[in-house]
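Comments concern the structure below.
What follows draws every value from the coordinates through simple rules; no lab data is involved. Keep in mind the model is a prediction, meaning the values are calculated, not measured. Cβ sites come from the backbone with ideal geometry, for glycine too, and all protein chains shown count toward neighbours.
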Amino acid sequence: MQKVIFENDLDAAFRILNGIEPTVKAFGKVNYYNPNDILTWSDNLKIEKISGIRTFFGLSPNNEIKYDESWQEQILKLELLVSDIEEYKNIAFCTHIIYRKE
């Protein structure tokens, strides 16, 4: 979503969808993993929770409001309310996966 909406980089979006891992200036090569693949790295891990974060924050075209503390508190409440709803997790910009040792 970020490549298409914020960066208007359709070529990069197609590369990602075709399995070509992107490179980000600040972080270098980005690797995408299936959460279940990570379970194979250890004998005693289990997925405790998967949440989606930053579902709405980046979509507002009003960048000035993002510096308003009251707005930040409200958007955080909203983000947390939808973070465990499957439809919103699927479109969130970030996925947080909590693993627990068994």
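Key figures for this structure:
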read-out: Set of lysines with alpha-carbon distance to Lys25 below 17 Å, sequence-local pairs under 8 removed; value: Lys3
read-out: Fewest-first ranking of Val82, Val4, using other Cβ atoms within 10 Å as the exposure measure; value: Val4, Val82
read-out: Overall form of the chain per C-alpha gyration tensor (a/c, 1.5; a/b vs b/c); value: oblate
read-out: Charge context of Gly52, other residues only, Cβ under 14 angstrom, K/R +1, D/E -1; value: -1
read-out: Loop-located chymotrypsin sites (Phe, Trp or Tyr not before Pro) in segment 1-61 whose Cβ has at most 16 other Cβ within 10 Å (DSSP); value: Phe6, Phe27, Tyr32, Tyr33, Trp41, Phe56
